[in-house]
Amino acid sequence: MSNKPIRKAIFPVAGLGTRFLPATKAIPKEMITVVDKPIIQHVVDEARAAGIEEFIFITGRNKNVIEEHFDQQYELETLLSERGKIDVLKELRAGLPQAGNVIFTRQQNPLGLGHAVWCARNIIGDEPFALLLPDMLPHGEKGCMSELMQIYQKTGGNLIGLKNVDPSETHKYGIASFDEDNSKNARAINDMVEKPAQGTAPSNSMIMGRYILQPEIFDLLEKQHADSSGEIQLTDAMRQLMKSQDFWGYEYQGDIYDCGSRLGFLNANIAFAMDDPELAKSVKKMLKRHVEKN
Ligand code: G1P
C-alpha cells in the first residue's frame with residue numbers, strides 16, 4: 001500500500017443526468033449552478049482547498065462545455081478588466097486549475113462509476129488519489145475533502161466520507177457497515193453494499209461520494225463484472241480490495257446535498273445562498289413569505 005501524498009483527483013462527469021431532465025437536455029448536469037457557480041466549480045474548489053494539484057475529468061459526449069469552463073476566456077477577461085470589474089476577474093482566475101494540471105479523458109461507454117474511475121488508471125499511475133462525485137455537494141465549515149485529507153494522515157489506507165441518512169433513503173446509495181472502532185476518529189469498515197433493497201441495509205451510513213483510494217483498486221476494477229443493472233460498481237471493487245487493505249469511514253461534520261435530486265438541489269441553493277452576506281437576509285425574508293403564502 002502506498003503512502004505517497006494525494007496530489008490527483010478524479011471527477012467523473014460522464015453521466016447523462018436523466019434524473020434532471022429537461023434541464024440537462026443540452027447542458028451537462030455538472031454545469032447547472034448552485035447560486036451563481038456551476039456545481040462542478042464548487043467541487044473543484046473543494047478539491048483545491050484540500051491540496052489537490054491535478055484535476056482529472058472523466059467526460060463523455062456533449063460535455064465539452066466543462067472543458068471550456070476550465071479554460072481562460074481572453075475576450076471576457078479583457079472586457080472585465082476594461083470595465084474595472086477586478087473582483088469578478090480575480091474570482092474567475094482563482095477558479096482555474098494551473099495550466100497542464102487539468103486532464104480530460106472520455107468514458108466511451110456508459111458502464112458505470114467503477115468503469116469511469118478505471119478510465120483514469122494510466123493518468124493516476126501508482127499513487128493514492130482522491131475521488132469526488134459532483135452530484136454530491138458538501139456544505140460545512142470545512143470542505144469534506146479537506147477533512148478526509150486530515151484524517152488520512154492518521155489512517156492511511158482507503159478512506160471514505162460517510163453521512164447518516166434516513167433509513168428510507170438507504171436504497172439510493174452505497175452503504176457501509178463497521179467494527180466499532182473510533183480510535184483514529186474514523187471507523188474501520190467491515191462491509192459495504194451498493195444500493196441495498198429497502199429494509200435490508202446493514203446501517204444508515206451513506207457512502208457520500210468522497211473517497212481516498214489506493215491505486216490497487218484499478219486492477220480490481222479491470223476484473224470487476226457488471227452488476228444486474230449492467231454497471232461496473234465501484235462499491236463492488238472496493239469490497240474486493242477490503243480483503244487485502246484497510247478501509248476507514250469518516251462521518252463528515254457538515255451537511256451533504258444530493259444535487260441529482262430536485263429537493264437536494266434546492267436545499268443546496270438555499271444553504272449556499274445563506275453563506276453569502278449579500279443574499280442571506282433577503283433569502284430569509286423570501287422563504288418566510290413563501291411559507292406564509294402557503
Ligand atoms: C454512486 C455510488 C454510491 C454512492 C453515490 C453517492 O452512486 O455508487 O455508492 O453512495 O454515488 O452519490 P450513483 O449516484 O452513481 O448511482
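Quick notes on this structure:
- Residue satisfying all of: in the stretch 193-204; farther than 27 Å from MET149 by Cβ and either among the basic types (Lys, Arg) or within 13 Å of the ligand (Cβ to nearest atom) (or both); farthest from the chain's Cα centre (by Cα) among these: ALA201
- Lone unmet requirement of (1) within 17 Å of GLY174 (Cβ to Cβ); (2) of a type in the set (A, V, I, L, M, F, W, C); (3) crowded, with 21+ Cβ neighbours inside 10 Å; (4) more than 11 Å from the ligand (Cβ to nearest atom) for ALA268: (1)
- Single condition LYS163 does not satisfy, out of (1) under 22 Å from LYS243 (Cα atoms); (2) near the ligand (Cβ under 10 Å from one of its atoms); (3) open to solvent by 10 Å² or more (accessible area, probe 1.4 Å); (4) not β-branched (Val, Ile, Thr): (1)
- Qualifying residue in the stretch 238-245 (condition: modelled with pLDDT under 95, open to solvent by 30 Å² or more (accessible area, probe 1.4 Å) and among the polar types (S, T, N, Q)): no
- The set of residues in the stretch 216-259 that are over 26 Å from PRO138 (Cα atoms), among the hydroxyl-bearing types (Ser, Thr, Tyr) and in a helix (DSSP H, G or I) is empty.
- Residue match in the stretch 12-19 (condition: free of Cβ contacts under 8 Å to residues at least 40 places away in the same chain, more than 30 Å from ASP246 (Cβ to Cβ), loosely packed, with under 13 Cβ neighbours inside 10 Å and within 16 Å of the ligand (Cβ to nearest atom)): yes
- Flag: ALA120 matches the condition of being away from the ligand (no atom under 15 Å from the Cβ), open to solvent by less than 10 Å² (accessible area, probe 1.4 Å) and closer than 16 Å to ILE10 by Cα.
- Yes/no for ARG210 being over 17 Å from the mean Cα position of the chain (by Cα), within 22 Å of LEU132 (Cα to Cα) and in contact (Cβ under 8 Å) with a residue 40 or more places away in the chain: no
- Failed condition for GLU67, given (1) assigned to a helix (DSSP H, G or I); (2) open to solvent by less than 40 Å² (accessible area, probe 1.4 Å): (2)
- Considering residues of the stretch 123-155 that are among the acidic types (Asp, Glu) and within 27 Å of PHE265 (Cα to Cα) only, the residue least open to solvent (accessible area, probe 1.4 Å): GLU147
One line per residue, one yes/no per condition, for (1) of a type outside the set (S, T, N, Q); (2) at pLDDT 95 or above; (3) open to solvent by less than 40 Å² (accessible area, probe 1.4 Å):
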position: ALA9; (1), (2), (3): yes, yes, yes
position: ILE27; (1), (2), (3): yes, no, no
position: VAL35; (1), (2), (3): yes, yes, no
position: ILE39; (1), (2), (3): yes, yes, yes
position: VAL43; (1), (2), (3): yes, yes, yes
position: ARG48; (1), (2), (3): yes, yes, no
position: ILE52; (1), (2), (3): yes, yes, yes
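- When the stretch 70-91 is filtered for residues that are within 18 Å of ASP36 (Cα to Cα), open to solvent by 90 Å² or more (accessible area, probe 1.4 Å) and in a helix (DSSP H, G or I), the ones remaining, listed by number, are ASP87, LYS90, GLU91.
- Filter pass, ASN109 being at pLDDT 95 or above, open to solvent by 80 Å² or more (accessible area, probe 1.4 Å) and more than 17 Å from the chain's Cα centre (by Cα): no
Let's see how each residue does on (1) within 15 Å of the ligand (Cβ to nearest atom); (2) more than 21 Å from the chain's Cα centre (by Cα); (3) at positive phi; (4) assigned to a helix (DSSP H, G or I):
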residue: ARG93; (1), (2), (3), (4): no, yes, no, yes
residue: PRO97; (1), (2), (3), (4): no, no, no, no
residue: GLY100; (1), (2), (3), (4): no, yes, yes, no
residue: GLU127; (1), (2), (3), (4): no, no, no, no
residue: GLU180; (1), (2), (3), (4): no, yes, no, no
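- Residue check for GLU216: farther than 25 Å from ASP126 by Cβ and surrounded by fewer than 23 Cβ atoms within 10 Å (Cβ to Cβ): no
- Residue, nearest to ARG7 (Cα to Cα), within the stretch 205-244, restricted to residues that are away from the ligand (no atom under 13 Å from the Cβ) and among the β-branched types (Val, Ile, Thr): ILE212
The values are calculated or read from the model by the stated rules, or taken from the named source; none is laboratory data. Since this is a predicted model, take the numbers as computed values, not measurements. In this analysis, Cβ positions are derived from the backbone assuming ideal geometry, glycine residues included, and neighbour counts consider all displayed protein chains. Just the protein is used for accessible areas: all its heavy atoms, side chains included, with ligands, DNA and RNA removed. Shrake-Rupley method; radii C 1.70, N 1.55, O 1.52, S 1.80 Å.
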